[in-house]
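Below you'll find the structure, written out as structure tokens, and then a few comments.
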Amino acid sequence: MSDGPNGVRGESLGSTRTPGLNIPTSIVVGASWDVGLANQLGVLLGREARRKAVHVVLAPTVNLHRTSIGGRTFECLSEDPELSARLATAIVRGVQSQDVAVTVKHFVGNDTEVERMTVDVQIDDATLREFYLRPFESTVIDAGAWGVMSSYNKLNGLHAANNRELLHEILRIDWGFDGCVVSDWFGAHDTVESIRAGLDIPMPGPATIYGKKLLSAVEQGAVSEAEIDPRVEAVLRLIERTRADDFPASSSETTIDDEHERDIVRRAAIAGTVLVRNEGRALPVTPGSVESIAVIGPNARSTRTQGGGSSSLQAIHTSNILDGLRTRFGDDVVSWHRGTSIDKLAPIVEANQLRTPDGAAGWKVEYFDRDEVDIAPRHIATSDRSALVFFGSAPPEVDPFDFTVVMTGEYVPEVDGTHDVSLVITGMGSLTVNGEVLVDDPLGLLPRGREYFGYGSEEQVHGLPMRKGMPVKFEARMRTRAGFSALRIGIAAPPDEHELRDAVESAASADAAVVVVGTNDEWETEGHDRDSIALPGAQDELVRQVAAVNPRTIVVVNAGAPVAMPWFDDVEAVLIGFFGGMEMGNAVAAIIAGDADPGGRLPVAYPKRLEDSPAMNNYAPANGVQRYAEGEWYGWRGQARNGVAPLIPFGFGLSYGESVWGAPRAQVDRSWPRCDVVVPVSCVSSSPATVVVQCYVRRAGDVNPPRLAGWCKRTLDPSSFADVSVHIPWTAFRRWNSARRAWHVEGGRWEILVSRSSSDVESTLIVEIDECESAPSRGSDQPPSRPG
């Protein structure tokens with residue numbers, strides 16, 4: 001097994017990782033609204049899994065964006081269950097076409113990182129079925145998912161990994177699932193109840209709650225062999241489906257850099273980039289039409305292409321936005337100033353400022369069994385950064401159950417002054433600088449912080465005077481074992497008090513200013529949520545000052561979740577690229593230059609304020625319980641019901657081209673029930689127009705916000721015409737009847753809102769359908785299974 005969903009990491013042995021494809025994060029896939037592209041990305045994930053000797057990809061993540069601050073928002077597709085369901089279904093089909101299994105995760109209610117290991121998420125039955133379970137249901141019934149991962153949290157009183165209602169009644173009986181259920185890492189707690197619930201593989205391995213504990217339970221009569229047989233069958237079936245005998249996990253990992261695959265990754269980044277403001281046609285900026293572009297912001301050079309946590313991996317290469325713009329417009333046109341810092345911790349140092357003891361770039365990494373550092377190391381490597389992260393085993397020469405890693409080398413300062421040197425460590429260890437011991441924690445007793453899933457120590461910071469160009473010697477030690485561990489050394493140079501002023505001055509003299517704002521994996525990561533939607537550091541002030549001096553200010557948002565934009569009306573253009581994968585820099589440059597049309601539509605509404613998010617009223621757990629008291633009225637639908645206008649609506653996005661929509665018509669199969677809505681669309685511009693026709697449904701006469709039912713994305717050539725057809729399946733009309741444990745479709749008149757976004761309705765239709773009831777085992781493309 002290996003983590004996804006924005007690539008396949010493979011084994012991560014501190015300084016040694018096998019580079020691979022870094023596809024855009026899931027929120028970008030959600031923003032693409034492109035089912036076919038999602039399938040292509042799934043195929044790439046399957047291929048990458050084979051290259052990394054992986055049988056099971058721990059992906060896709062289909063939890064919903066219940067709030068705007070979830071630490072793994074970037075890793076999930078959307079706030080909307082239907083958009084998430086159809087895109088995830090396409091991804092699953094793509095992965096499994098390569099004989100690689102998925103584990104659709106996290107089943108279910110892991111929509112926050114707050115107390116995620118223990119919190120009891122309480123969701124009413126209808127909301128659970130119609131919203132939070134919907135993406136899982138679709139991947140299982142429609143795509144035939146081979147695997148599901150249970151979540152850390154409890155659901156309505158029971159941990160997901162031993163919740164029989166969830167793993168047996170819903171998953172296997174209602175949906176007909178015949179695959180394998182794995183737990184999240186260390187997320188299984190009860191041997192007997194997990195077997196009876198339907199947990200097949202507790203991770204990170206059977207020894208956690210099965211193995212000897214299960215054998216003991218059998219010997220004591222608490223578990224019968226007949227109860228174990230289905231769990232064995234599920235694992236054997238997984239082995240057969242993934243052809244594990246033909247592709248052993250012991251195979252060597254490989255890297256393949258294929259231009260066709262890079263092109264898919266780049267197209268995906270473009271398809272999921274959302275243009276949300278473009279006044280006075282500030283975009284595109286045609287190459288040759290300007291003599292100077294001031295590129296500003298830390299994320300321009302340190303573009304974040306993936307979030308933090310278990311999904312992180314080493315990309316084959318990464319194009320940052322600054323390099324992308326320089327390549328497209330020329331070094332003589334593009335200048336760069338950082339303007340401000342967004343670092344939460346002292347930043348990790350890259351190889352260009354590090355030297356090994358023999359003078360090479362990077363730091364030397366030595367591995368010793370146990371703490372035997374006075375003898376020859378068992379393994380030697382080089383790290384290209386001042387941090388080590390272990391996901392998996394240890395190097396083959398090393399005792400994986402007890403080893404010490406020692407990282408040594410020099411840091412070469414670029415400026416004079418006091419530098420902050422920091423250490424975050426998950427285990428026992430020390431940090432020595434120029435012979436002085438700064439941190440010594442031989443028993444691992446440092447208080448824990450939020451980093452590295454809560455296993456990392458609080459950041460230990462020491463100020464040290466340094467001189468430009470004068471090497472400083474570092475030695476860090478950590479004693480650990482295989483699994484997960486991390487050693488992070490950060491070094492922060494003294495701040496440049498003039499950098500904001502210098503950035504603004506460069507913008508004032510440029511023909512256009514591109515300000516790249518955003519976050520990084522310290523702010524958006526697995527393990528903890530954000531505290532607010534405000535951009536970190538002085539980025540808001542940076543944008544305000546740049547916009548005041550340059551009338552063509554373009555802001556690129558490099559963040560994996562909604563952020564506040566108090567300057568939104570003060571700038572000419574805003575482009576949201578999220579965490580766009582390894583080709584993000586080239587993709588953003590292509591959009592800015594007009595080589596590509598920004599194809600995205602928001603998969604989540606952007607609130608003006610965090611408190612506008614309806615679920616925030618029920619965000620913090622009380623006595624270990626997190627109640628989804630808002631029910632279905634979270635996200636954009638809850639805001640609309642409360643009369644609260646978003647900053648940017650769900651489903652919104654602009655194109656460089658213009659389109660005109662004609663009167664829609666509906667073709668209804670009322671007895672199924674299902675319908676197709678056909679919308680005549682014309683491109684009336686000299687540029688191609690990207691169109692996403694969105695259809696929302698509600699009962700005729702209902703004044704509450706409707707639900708997304710279907711959509712179709714098309715790109716129209718200049719001066720062309722097309723009939724755009726949106727299919728609305730019977731599942732769009734159904735509602736859950738808890739008493740009958742069945743789906744019910746209310747017959748009569750339904751309203752279909754044909755829209756450009758959730759708040760921009762082009763026209764409405766009324767259709768009539770027949771009442772029906774269905775068992776819970778029928779998919780979107782199957783007729784309801786009527787009882788009797």
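Can you list residue pairs whose Cβ atoms sit under 8 Å apart, with the first residue in the stretch 146-167 being of a type in the set (Lys, Arg) and the second being assigned to a helix (DSSP H, G or I) and crowded, with 24+ Cβ neighbours inside 10 Å? Count only pairs 6 or more apart in sequence or on different chains.
Sorted first by the residue in the stretch 146-167, then by its partner, the pairs are Lys154/Ala160; Arg164/Ala197.
Here's a check for you: in the stretch 100-140, which residue that is aromatic (Phe, Trp, Tyr) and over 19 Å from Arg637 (Cβ atoms) is surrounded by the fewest Cβ atoms within 10 Å (Cβ to Cβ)?
Of all residues in the stretch 100-140, those aromatic (Phe, Trp, Tyr) come to 107, 131-132, 136.
Next, only the ones that are over 19 Å from Arg637 (Cβ atoms) stay: 107, 136.
Numbers: Phe107: 29, Phe136: 27.
Selected residue: Phe136.
Report, by residue number, each residue of the stretch 264-296 that is under 25 Å from His337 (Cβ atoms) and assigned to a loop (DSSP other than H, G, I, E, B).
Thr273, Ala282, Leu283, Pro284, Val285, Thr286, Pro287, Gly288, Ser289, Val290, Glu291, Ser292
Scanning for something assigned to a loop (DSSP other than H, G, I, E, B), open to solvent by 10 Å² or more (accessible area, probe 1.4 Å), in contact with a Ser or Thr (Cβ under 8 Å, 6 or more places away or on another chain) and at pLDDT 95 or above, does the stretch 692-712 turn up at least one residue?
Looking for residues that are assigned to a loop (DSSP other than H, G, I, E, B), open to solvent by 10 Å² or more (accessible area, probe 1.4 Å), in contact with a Ser or Thr (Cβ under 8 Å, 6 or more places away or on another chain) and at pLDDT 95 or above, one finds at least one in the stretch 692-712, hence yes.
Restricting to the stretch 510-527, name every residue that is over 21 Å from Arg326 (Cα atoms), of a type outside the set (D, E, K, R) and either open to solvent by less than 10 Å² (accessible area, probe 1.4 Å) or assigned to a loop (DSSP other than H, G, I, E, B) (or both).
Thr519, Asn520, Trp523, Gly527, listed by residue number.
Specify which of the listed residues (Ser84, Ser97) is within 25 Å of Trp636 (Cα to Cα) and either out of contact with any strand residue (DSSP E or B) (no Cβ under 6 Å at 6 or more places or on another chain) or of a type in the set (Val, Ile, Thr) (or both).
After applying the criteria, what remains is Ser84.
In the stretch 458-477, is there at least one residue being closer than 24 Å to Pro204 by Cα and open to solvent by less than 50 Å² (accessible area, probe 1.4 Å)?
Within the stretch 458-477, none of the residues are closer than 24 Å to Pro204 by Cα and open to solvent by less than 50 Å² (accessible area, probe 1.4 Å).
Could you list all residues from the stretch 419-442 that are open to solvent by 60 Å² or more (accessible area, probe 1.4 Å) and either at pLDDT below 95 or touching a Ser or Thr at 6+ places or on another chain (Cβ under 9 Å) (or both)?
Met428, Val437, Asp440, Pro442
Which one of these is modelled with pLDDT of 95 or more, open to solvent by 40 Å² or more (accessible area, probe 1.4 Å), over 30 Å from Glu279 (Cβ atoms) and hydrophobic (A, V, I, L, M, F, W, C): Ala615, Ala640, Ala629, Ala645?
Ala629
Which of the residues spanning the stretch 729-745 are more than 15 Å from Arg674 (Cβ to Cβ), free of Cβ contacts under 8 Å to residues at least 60 places away in the same chain and not basic (Lys, Arg)?
Those that are more than 15 Å from Arg674 (Cβ to Cβ), free of Cβ contacts under 8 Å to residues at least 60 places away in the same chain and not basic (Lys, Arg): Asn737, Ala739, Ala742, His744.
Please pick out the residue among Ser777, Ser719, Ser759 that is open to solvent by 30 Å² or more (accessible area, probe 1.4 Å), of a type outside the set (Asp, Glu), under 30 Å from Gly594 (Cα atoms) and in contact with a helix residue (DSSP H, G or I) (Cβ under 9 Å, 6 or more places away or on another chain).
Answer to the check: Ser759.
So for the stretch 393-403 (the condition being open to solvent by less than 20 Å² (accessible area, probe 1.4 Å), modelled with pLDDT under 95 and either aliphatic (A, V, I, L, M) or closer than 26 Å to Pro495 by Cβ (or both)), does at least one residue qualify?
So far as the stretch 393-403 goes, yes, one or more of its residues are open to solvent by less than 20 Å² (accessible area, probe 1.4 Å), modelled with pLDDT under 95 and either aliphatic (A, V, I, L, M) or closer than 26 Å to Pro495 by Cβ (or both).
Within the bounds of the stretch 696-712, is there any residue that is out of contact with any Gly (no Cβ under 8 Å at 6 or more places or on another chain) and of a type in the set (Ser, Thr, Tyr)?
Yes, the stretch 696-712 has at least one match.
Tell me whether the stretch 578-593 contains one or more residues that are open to solvent by 10 Å² or more (accessible area, probe 1.4 Å) and part of a loop (DSSP other than H, G, I, E, B).
Among the residues of the stretch 578-593, not one is open to solvent by 10 Å² or more (accessible area, probe 1.4 Å) and part of a loop (DSSP other than H, G, I, E, B), which makes the answer no.
Here's a check for you: in the stretch 322-374, which residue that is over 30 Å from Pro396 (Cα atoms), of a type in the set (Asp, Glu) and assigned to a loop (DSSP other than H, G, I, E, B) is most open to solvent (accessible area, probe 1.4 Å)? Step through it out loud before you land on a result.
So in the stretch 322-374, the residues over 30 Å from Pro396 (Cα atoms) come out as 322-347.
Those still in the list that are of a type in the set (Asp, Glu) too: 323, 331-332, 343.
Then drop every residue that is not assigned to a loop (DSSP other than H, G, I, E, B), which leaves 331-332, 343.
Details: Asp331: 112, Asp332: 134, Asp343: 65 Å².
Here the residue is Asp332.
Quick check on my filter: what residues within the stretch 114-147 are within 17 Å of Leu64 (Cβ to Cβ) and modelled with pLDDT under 95? First the steps, then the outcome.
The initial filter retains those residues of the stretch 114-147 that are within 17 Å of Leu64 (Cβ to Cβ), namely 114, 116, 119, 121-140.
Within the stretch 114-147, Val114, Arg116 qualify.
If I filter the stretch 662-675 for residues that are part of a loop (DSSP other than H, G, I, E, B), within 29 Å of Val121 (Cβ to Cβ) and touching a residue at least 60 places away in the same chain (Cβ under 8 Å), do I get at least one hit? Walk me through it before giving the result.
We begin by selecting, within the stretch 662-675, every residue part of a loop (DSSP other than H, G, I, E, B); these are 662-664, 670-673.
When the remaining residues are screened for being within 29 Å of Val121 (Cβ to Cβ), the result is none.
No, the stretch 662-675 has no match at all.
Can you give me the ranges of the strands (runs of 3 or more DSSP E) entirely in the stretch 376-475 with at least 2 residues that are closer than 24 Å to Arg17 by Cβ and free of Cβ contacts under 8 Å to residues at least 24 places away in the same chain? Before you say what the answer is, go through the steps one by one.
Details: elements: 379-383, 387-392, 403-411, 417-425, 428-433, 436-441, 460-466.
Answer list for the stretch 376-475: 379-383.
The values are calculated or read from the model by the stated rules, or taken from the named source; none is laboratory data. Bear in mind that the values here come from a model prediction, so they are computed numbers and not experimental data. Backbone-built Cβ (ideal geometry, glycine too); neighbour counts: all protein chains shown. For accessibility, only protein heavy atoms count, side chains too; no ligands or nucleic acids. Shrake-Rupley method; radii C 1.70, N 1.55, O 1.52, S 1.80 Å.
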